[in-house]
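In what follows, a single structure is set out as structure tokens and then discussed.
Rule-based calculations on the coordinates, nothing more; no lab input. Just so it is clear, the model here is predicted, and its values are computed rather than measured. Reconstructed Cβ throughout: ideal geometry from the backbone, glycine too, with neighbour counts over all protein chains shown.
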Amino acid sequence: MRLLALAVGRVLHPPQDIAMNSPHTLSARSLRARACTPLAVALALCSVLPAYADSVTDWNALASGPTVAPRFGGPQQQSRVMAIVSLSVHDALNSIQSRYNTYRPVASAPGNASPDAAVAAANRTALLAMLDALPPPPTPAEGTARANAVLAINAAYDAAIGPGAPDASEAAGIAAGESAADTLLALRYADNGSGGLTPTDGSGTPNLPAYSLPPSVGVHQPTPAPEFPAVTTPAFMGWAFVTPFAVTSAAQFHSPPGKIFKVNSAKYASEYNLVKSIGDARVRGALPNSPPSDIARFWAGGGLDWNGNVRIIAINRGLDRWQNARLFALVNMSLADAAITNIADKYQYNFWRPVTAIRWPDDGNPFTKSDATWRPFLQTPPYPDYPCASTTLTGAAAQTMRRFFKSDALTFTRTVNAPIAPLPAPLVDLPVKAITRSYPSLSTAEQEQAMARVYSGIHFTEGCLAGLKAGNKVADWVFGHQLQAK
């Protein structure tokens, strides 16, 4: 029995949601027949994103986009999901035409199998199974959001397969996609004995063990209120124990200790005073349209969507579906393993964030002056400072593309709608803003993203640069050991 057939019944939760059977026996057309309200259909159709280049990039846009990806949690969980989905697509296509080594052995599909049907089935099978394996929605709103994600996935699948029964080519492609996804799912899930799936790779307990280090100079702590004003509790400590996709362990590319760990040093004082001055919410709020303020908001407001950045870069480079599938599989494996590596380092060093450091009454360094009212421009993430998570992911994605395209000079321009930026009184919150940034190279984007976290007031510079280095190293390993051309 396929893993997905064990899983789907709990994706939608009655009475508000729609009861479903296995999507291997209940097609997306049947789902719409059961829940064909104008709102449901509109939500599903609006969630199917416009075409970028081919079925691989179109499905990548849906899987990594705002309707589906956030259902799985934070960046760490999303990176794992996208690795599983992208590898499923890659292996499905290579079961039809074997051009690259697959992640796991796959049976050969008939030569007439539809590649687009294989891509659709791999995405749908993997995504619905993983949605179903999530804990029950914590709120009714999240239950509705998951239901909309299912509708969007099924609507995209319907659009790919078309009306009526699949023809022989489509049926062979569907079988190839389902088989590849089931193989990937079996590596990380098991039948829980109740008709559902349970993760077996450590991802089911992201916040265990709980963080418990007492307050001390240099030690990470829950961010103090009133930051936004809620306290941010340290999270994701358990992500260090998730099974990597390619690297040998979370410690393989361990970052060396930072010089800023010596809190009484001149190096620490320099970085402390830099983030204190340029990452202050009062400074950034008084200069809302300055480049530093825009850079901070751009990267936090959507620029860190590296699947989207890859699509922009790849779209005009003449890649076919197999090449795109390999690119996204390599990028997302690198992102997932970089996230695991990063959390392992963060919770080994447990170095404090600027908001804790700057509000600390006396750290013993004569060149750091505390400020009990200081607040970062953007909200501090819920884990220690060193190394930076976002730059680790940026370094992984950028280095993968450098290796794939054999060039750093990959230009791209992106516009994001940065959300409202809350500011302390008497300043007025910054409204939603469309921000466009252009980059002549990947290294330019990397360096700007590193500074964005300092402008945001949420990182010391050294941790940002250490993250880039670690991400680059993970990507080099993944590229050198996975999905090689035959």
Q: Can you tell me the 0 to 90 degree angle between the C-alpha axis of helix 115-132 and the longest principal axis of the chain, rounded to 10?
A: 60 degrees
Q | Gyration tensor (Cα) of region 237-481, equivalent ellipsoid semi-axes in angstrom | A | 31, 23, 13
Q. What angle, in degrees between 0 and 90 and rounded to the nearest 10, separates the Cα long axis of helix 38-47 from the longest principal axis of the Cα atoms of the chain?
A. 70 degrees
Q.
If I fit a long axis through the Cα atoms of helix 389-405 and take the longest principal axis of the Cα atoms of the chain, what angle between them do I get, 0 to 90°, rounded to 10?
A. 50 degrees
Q. Which of the trypsin sites (Lys or Arg not before Pro) found in region 318-390 are in a DSSP loop and have at most 13 neighbouring Cβ atoms, other than their own, within 10 Å?
A. LYS369
Q: Pairs to check: LYS267/LYS473; LYS406/LYS486; LYS259/LYS346; LYS276/LYS469; LYS346/LYS473. Give those whose C-alpha atoms are more than 20 Å from each other in this structure.
A: LYS267/LYS473; LYS276/LYS469
Q) Considering every pair of different Cα atoms, what Kirkwood radius, in Å, is found for the chain? A) 23.3 Å
Q. If you take the beta carbon distance between LEU274 and ASP191 as r and set R0 to 60 Å, what does 1/(1 + (r/R0)^6) give as a FRET efficiency, to the nearest 0.05?
A. 0.70
